[in-house]
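Quick notes on the structure that follows.
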Amino acid sequence: TGIITLDPGYKNTGSCESAITYLDGEKGILRYRGYKIEDLAEKADFLEVAYLLIFGELPTKEQLNKFHNDIKEHLEVDEDIKKIVDSFPRTAHPMGVLSSLTSALTAFNPSVVDINSEEDMYNAVVKIMGKFPVLAAWTLRRRNSKPYDYGDSELGYVENILCLMFKKPNEKYKINPKVVDALDKLLILHADHEQNCSTSTVRIVGSSHAGLFASLSAGVSALWGPLHGGANQAVIEMLESIKQDGGDTAKYMEKAKDKEDPFRLMGFGHRVYKNFDPRAKIIKKSADDVLADLGVNDPVLTIAKSLEKQALEDDYFVKRKLYPNVDFYSGIIYRALGIPTEMFTVMFALGRLPGWIAQWREMRLKQEPIGRPRQIYVGENQREFVSLDKR
Ligand code: CMC
């Protein structure tokens, strides 16, 4: 129409119609393809949820078995990828490495997905669902100077993620079902969240008809930031530093409220949830259960609970409808499961992968136009060029 409406951060802009995830921020409702997140977290496993998100329906037993077997067929990456992993400094953040490796997959798998071919799409899905956890785990193996490994093909999808990360050479990886259950639940809770920053990134990159792996790599980069997926690492680091500073949570509440101070209470607030984050409710209970089950006593849990209590009673947080989000307690669980802090956001990426794929596929199937927002120009008017020797 020629009229441009300014909406920084797209706070009130709907970018697409979607049939994947329903979210009501006022009522704290989250559903994948119509199924309540509470039911899925309790009753389904991560691979079922991945299938549901991507293909629209819960799989039958046969479909699920085939999906898992096909994924297992595609675990292996090109040998040269190992050289790329080896060329990163050991100190590199795993999210940067994962984004680069996902992008590198494009170079080793150059065939373009024909979006109208179900077979093509299915093959691309099982390929990335297989290889992404391998690459994710290898970012940790590189950090720890451990040999690269494909895990154990006898294991379930989530079990193998743990095996890929922690298996020792020439030793069978011992599965702890409690750890697997907890991780399964966390991955389900992170699997999709409608048009968040990384998902919008995946859709917008894909809208130029860039390939699936290239779009996913951009999603990993978007997720990395501390205002988005990086919050889970930032929360634990914040809780740790409060603990080291004597555990005075009230002092940090004041800092979070001080507009002169850039400090924010990490793990609090959400663009859409203005009542509570239903994922946080499930996770808080899960954190209590996991720590009890594994016999872990983590002092930062006490600090987290004290911060939450103070925030929920504080005018500043109440007025702005700031509640704990999914990542306020997730780091405490990851830590109890033995996952190193710098891998927390990678775990989020492993969970979000099916959501990104589902959204990319939906966007392409609906033949959405290229994502191309407008702007309001506020720079200089036309001016005369001044040659270099006169400046
Ligand atoms: N601590 C202190 N003040 C906050 C916080 C916080 N965590 N979050 C928001 N505010 C204040 C903010 O300063 C602003 O105040 P005022 O109106 O006086 O200027 C008001 O609340 C609204 O905040 P906003 O930044 O305009 O809200 P947003 O929708 O742009 O940002 C957010 C949402 C999640 C980025 C933000 O709440 C935040 O930075 N939280 C901390 C980081 C975090 O936990 N991120 C994970 C999000 S959930 C996982 C995921 O899906 O990515």
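The values are calculated or read from the model by the stated rules, or taken from the named source; none is laboratory data. Since the structure is predicted, the reported quantities are computational estimates derived from the model, not experimental observations. Positions of Cβ are generated from backbone atoms using ideal geometry, with glycine treated the same way; all protein chains shown enter the neighbour counts.
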query = Does Ala182 fit the bill of being at pLDDT below 95 and either under 25 Å from Gly34 (Cα atoms) or touching a Lys or Arg at 6+ places or on another chain (Cβ under 9 Å) (or both)?
reply = yes
remark   = Across segment 223-248, the tally of residues that are aliphatic (A, V, I, L, M), within 15 Å of the chain's Cα centre (by Cα) and surrounded by fewer than 23 Cβ atoms within 10 Å (Cβ to Cβ) stands at 2
request  = Inspect all residues belonging to segment 298-305 and state whether any of them is under 21 Å from the mean Cα position of the chain (by Cα) and among the basic types (Lys, Arg).
outcome  = no
task = State which residue is nearest to Ala287 (Cα to Cα) when the search covers only segment 325-369 and only residues that are charged (D, E, K, R) and buried (at least 24 other Cβ atoms within 10 Å of the Cβ).
result = Asp327
key: Residue within segment 49-72 that is in the same structural domain as Ser145 (by TED's automatic domain parsing) and within 16 Å of the ligand (Cβ to nearest atom) present   = yes
request  = Filter segment 249-274 down to residues that are under 22 Å from the mean Cα position of the chain (by Cα) and not charged (D, E, K, R) and give me whichever is surrounded by the most Cβ atoms within 10 Å (Cβ to Cβ).
outcome  = Gly267
remark   = Of the residues in segment 238-255, those that are in contact (Cβ under 8 Å) with a residue 24 or more places away in the chain and within 12 Å of the ligand (Cβ to nearest atom) come to Met238, Tyr252, Met253
task = Being within 21 Å of Leu183 (Cα to Cα), of a type outside the set (S, T, N, Q), assigned by TED's automatic domain parsing to the domain that holds Met266 and out of contact with any Pro (no Cβ under 6 Å at 6 or more places or on another chain) narrows it down to one of Lys319, Lys309, Lys305, Lys285, so name that one.
result = Lys285
task = Check Ala287, Ala311, Ala304, Ala292 and return the single one that is within 10 Å of the ligand (Cβ to nearest atom) and modelled with pLDDT under 95.
result = Ala311
ask   = In segment 1-48, what residues are of a type in the set (Ser, Thr, Tyr), within 16 Å of the ligand (Cβ to nearest atom) and free of Cβ contacts under 8 Å to residues at least 12 places away in the same chain?
value = Thr13
